[in-house]
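The structure under discussion appears below in the form of structure tokens.
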Amino acid sequence: MSQKTLTDGTHQGAVEAPPEASPKRWWILAVIAVAQLMVVLDATIVNIALPSAQADLGFSDGNRQWIVTAYALAFASLLLLGGRIADLFGRKTAFLIGVVGFAGVSALGGAANGFGMLVTARALQGAFGALLAPAALSLLNTTFTDAKERARAFSVYGAIAGAGGAVGLLLGGVLTDAFDWRWTLYVNVLIAVVAFVGGWILLTNHRDDRSARLDVPGTVLVAAGLFSLVYGFSNAETHDWGSPLTWGFLIAGGLLLAAFAWWQTRAEHPLLPLRILLDRNRAASFLAVLISAGGMFGVFLFLTYYLQLNLGFSPTKTGVAFLPMVGALMVAAQLGTTVLVPRIGPKAVVPLGFAIAAVGMAWLAGIDLGSTYSGAVLPQLIVTGAGLGLVMPAAMQLATGGVAAEDAGVASATVNAMQQVGGSIGTALLNTLAASAATNYLVGKNPADKLARAQATIESYTTAFWWSAGLFAVGAVIAFLLYRRGVPEQHEDAAPVVHM
């Protein structure tokens, strides 16, 4: 092919040829998938082990939520910084440091002798995850330059991102039952060894423009803004929506993020170049990831409670119960990214996925005290998983596709930030709504009545499921309105195209 021919997506003038089609890239995908699985697992793997950890270390119910929240806070707050570091100082370097650091602080958490040590380790896990996750995703984006192969790679990555939370519940249950709660953290060391060795052998380091500098004011503004936003929603669980600790941090978070957006228009080397957000498909994809993560926690969190407390499932059996959802998600992920989106585009596929997930969650809201897993949970999980499988991998692929190489890390970080912030906000919002539903149901009833209390618990679950269905329905509308018609272009080395 001539150097000047652009129809195949190559860069004019043959400045830099695309990477050779080597079998090595599929091994790189395997390494990235292992690292991503480790990061995603830790959003849920500790959840099932929390009661055992609490009994062992003796911390209070009020402190229990911070074992989960500390991870999400650090992760969401530092993701954009981690993505920019990967762009500026090398993606292989950032990947390997992230893997080693994540393993080290996981071992620290597994050896924790008190609440303070455990919550510190969880926060440090989030910090190293914020370095590792965007490096992994940007490596994937720059390794696969053929449109069809990239779609296949992203279907695998997206399936892991979507199903990793459910796999975390399963693995957390198995490790807690078979060994000890501490192994939900120690297991990361074993996974990290595989990811580090593979990354050291297979990956090549790439640094972008060496004249670029880190945007320190932007880093401080976005980290403080995301921290305040997630912290404010987290406080809604333990305080009240009218508490200054809730609305005060939410307002502060909004103002800080607005200041960050303003500063990015003036910074010489912006942390988040606004050109990344101006493409309609990419903006729609960021919102799709945010909404799907927020609604998905309604499935993982409250269904875990229902299966263990109402149906009497063990931690291991609870994790196994989520596997049909994982299977449906993976099948739909392959179908969506390799067949449907390349043929008919995201404007039909992503809203359809949201709509299917909304139907599944609304159907799940029909559970009652006499429901069974096979009749009232299993079919609904499969439907919901299939819907999310059409949404998440496609959205992640479109969110990072078409960006310039120097922006790959920060675009990847933005995707991960949307997922973490969405999950954190969804958890806080649904917990608050569920608790209010249970309280309202018991008004005028005898709180000592076991049947009334059991029914109040069911009311809390079904309320969370209905709100999750509503989030997915809103996602369907937003995705339909924002995504452009047609199949998106995938010119691998092209500069980002701005669509207003």
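The values are calculated or read from the model by the stated rules, or taken from the named source; none is laboratory data. Please read these numbers as outputs of a predicted model, since none were measured by experiment. Don't worry about glycine lacking a Cβ; one is built from the backbone with ideal geometry, like all the others, and counts go over all protein chains shown. Ligands, DNA and RNA are excluded from the accessible area calculation, which covers all protein heavy atoms including side chains. Shrake-Rupley method; radii C 1.70, N 1.55, O 1.52, S 1.80 Å.
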Pull up all non-local amide H partners of Gly90: gap of 5 or more, or a different chain, and H-to-H distance under 5 Å with H placed in the peptide plane. Asp208
Can you pull out the trypsin sites (Lys or Arg not before Pro) in segment 262-369 whose DSSP state is coil and whose Cβ has at most 15 other Cβ atoms within 10 Å? Arg266
Most to least packed among 392-400, 244-252 [average Cβ atoms within 10 Å]: 392-400, 244-252
Obtain the nm distance between the two label points defined at Glu149 and Asp177 by a simple spin-label model: each point lies 7 Å from its Cα along the Cα-to-C-beta direction. 4.1
Once phi is turned into θ = phi - 60°, what whole-Hz ³J(HN,Hα) does the Karplus curve with 6.51, -1.76 and 1.60 give for every residue of segment 357-374, x standing for Gly and Pro? 5, 5, 4, x, 6, 5, 5, 5, 5, x, 5, 9, 5, x, 6, 10, 5, 5
Suppose accessible area is computed on protein heavy atoms with a 1.4 Å probe; arrange Tyr186, Tyr157 from highest to lowest. Tyr186, Tyr157
The chain, dipole about Cα centre (Lys/Arg Cβ +1, Asp/Glu Cβ -1), debye to the nearest 20: 400
Trp26 - accessible surface, heavy atoms, 1.4 Å probe, Å² rounded to 10: 90
Using θ = phi - 60° and Karplus 6.51 cos²θ - 1.76 cosθ + 1.60, couplings along segment 171-187 (whole Hz; Gly, Pro as x): 5, x, x, 5, 5, 5, 5, 7, 10, 6, 4, 5, 6, 5, 9, 4, 4
Each residue of segment 376-390 in turn: what ³J(HN,Hα) in whole Hz from Karplus with 6.51, -1.76, 1.60 and θ = phi - 60°, glycine and Pro shown as x? 10, 10, 4, x, 5, 5, 5, 4, 4, x, 4, x, 5, x, 7
Tell me, what is the FRET efficiency for Met117 and Asp240 to the nearest 0.05, using R0 = 30 angstrom and their Cβ-Cβ distance as r? 0.50
Once R0 is set to 35 Å, what does the formula 1/(1 + (r/R0)^6) return for the Cβ-Cβ distance between Leu451 and Val189, expressed as a FRET efficiency to the nearest 0.05? 0.15
List the lysines whose Cα sits under 28 Å from the Cα of Lys445, skipping any in the same chain fewer than 8 residues away. none
